[in-house]
Amino acid sequence: MSVAAAGGGGSPCLGAAAAAAAAASCSSAGLSYSTPTGGGAGVAGRLPARVLEHIFSYLELFDLMRCSLVCWHWNNILADENSEVWRSLSSRTLSDEALRSDILCNLPTYKGKLKAFQHALSSHDCSRNVYVKKNGFTLHRNPIAQSTDGARGKIGFTEGRHAWEIWWEGPLGTVAVIGIATKRAAMQCQGYVALLGSDDQSWGWNLVDNNLLHNGEVSGNFPQCNNAPKYQIGERIRVILDMDDKTLAFERGFEFLGVAFRGLPKVCLFPAVSAVYGNTEVTMVYLGKPLDG
């Protein structure tokens with residue numbers, strides 16, 4: 001339910017939600033602050049935590065982000081990532097399949113699950129031959145002959161460290177590539193090729209033959225070890241993008257496979273995949289900042 005809708009009904013709780021959002025809008029100055037302001041937010045800032053939590057449970061994610069910047073009191077209430085506020089928003093935003101299946105099993109909090117949905121593969125920034133399933137996280141490739149098809153994540157990165165996991169839930173075919181791409185990289189081409197890594201706008205790891213690809217060239221084998229195991233369907237690969245060190249690395253299980261690419265450009269880079277096999281499916285889940293070690 002949007003804040004605008006909340007303000008139009010007769011419920012005092014919904015009206016309070018609209019007032020809270022309005023106060024947040026004024027106090028946060030258009031999200032220009034990275035930390036909450038000091039002190040309280042007038043009468044609203046002195047409301048009991050249980051009352052504010054009930055009000056917040058009616059708001060959408062953008063409004064909650066603004067509310068967290070109003071004052072330390074509001075920020076502390078929203079800091080509990082498994083509170084009723086985030087549970088309520090998750091139930092309204094995420095599909096039943098996503099919440100009940102093991103898709104989000106590595107995300108222990110409701111707020112983390114919502115963030116993953118924000119960063120999921122885009123149904124608008126992809127080849128016309130693929131679509132994102134109703135669970136919101138799984139890409140399905142239609143059985144189109146002589147076509148390679150890809151998709152980018154909804155959100156790209158220019159700074160910080162980010163991790164996401166990705167896994168195939170169907171045959172890989174002759175080419176199955178995971179990696180990153182700029183907004184300029186193509187997400188569809190004719191033939192069965194390694195689309196990610198085919199130009200200077202993308203970097204990819206072909207899981208079929210364990211090759212690293214960039215600018216149309218094979219830049220080495222990966223992982224760099226003798227008799228590296230082949231990818232197994234359903235195996236989760238963790239991708240680690242460090243925009244500060246300008247590196248892209250991978251993990252399999254709990255094993256760090258190493259840095260695959262160094263010297264990445266200081267441009268906005270998106271999680272990306274490309275596939276060739278008809279009716280295969282690929283799932284991507286954003287995890288947030290990777291854990292050291």
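The values are calculated or read from the model by the stated rules, or taken from the named source; none is laboratory data. It should be emphasised that the depicted structure is a prediction, and the values quoted were computed from it without experimental measurement. Cβ coordinates were reconstructed from backbone atoms using ideal geometry, including for glycine residues, and neighbour counts include every protein chain displayed. Accessible surface areas use protein heavy atoms only, side chains included; no ligands, DNA or RNA. Shrake-Rupley method; radii C 1.70, N 1.55, O 1.52, S 1.80 Å.
Each part gets one Cα centre, and for segment 178-256 versus segment 78-128 those centres are 25 Å apart.
Peptide packing for 145-152, 244-251, 175-182 was compared via the average number of neighbouring C-beta atoms within 10 Å per residue; ordered from the highest value, the list is 175-182, 145-152, 244-251.
So for T283, T109, what's the accessible-area order with a 1.4 Å probe, most first?
T109, T283
Of the residues F117, F222, F254, ranked by 1.4 Å probe accessible area with the largest first, the sequence reads F254, F117, F222.
Please work out whether segment 121-288 counts as rounded, prolate or oblate from its C-alpha gyration tensor, where a ≥ b ≥ c are the square roots of the eigenvalues and a/c under 1.5 means rounded, while otherwise a/b larger than b/c means prolate and anything else oblate? Rounded shape, in that the Cα axes give a/c under 1.5.
The 1.4 Å probe gives accessible areas that order F261, F256, largest first, as F256, F261.
Take the Cβ atoms of R50 and T158, set R0 to 30 Å, and the FRET efficiency comes out at 0.15. Among the listed pairs K115/K230; K111/K289; K230/K266, which have their C-alpha atoms separated by more than 25 angstrom in this model? Long pairs (Cα-Cα over 25 Å): K115/K230; K230/K266. Residue ranges 86-92, 48-54 sort as 86-92, 48-54 when ordered by packing (mean number of other C-beta atoms within 10 Å per residue, highest first). Estimated from the Cβ-Cβ distance and a Förster radius of 25 angstrom, the FRET efficiency linking A228 and D102 is about 0.40.
Between V259 and R236, the simple label model (points 7 Å from Cα in the Cβ direction) yields a spacing of 2.6 nm.
Roughly speaking, what is the stretch gain from I144 to Y192, that is 0.36 nm per residue apart minus the C-alpha to C-alpha distance, in nm to one decimal?
Result for the pair: 16.2 nm of gain on full extension.
Taking segment 130-146 and a reference point 7 angstrom along Cα→Cβ of T174, the backbone N atoms nearer than 13 Å belong to 145-146. Using a probe of 1.4 Å on the protein chains alone, the accessible area found for C126 is around 30 Å².
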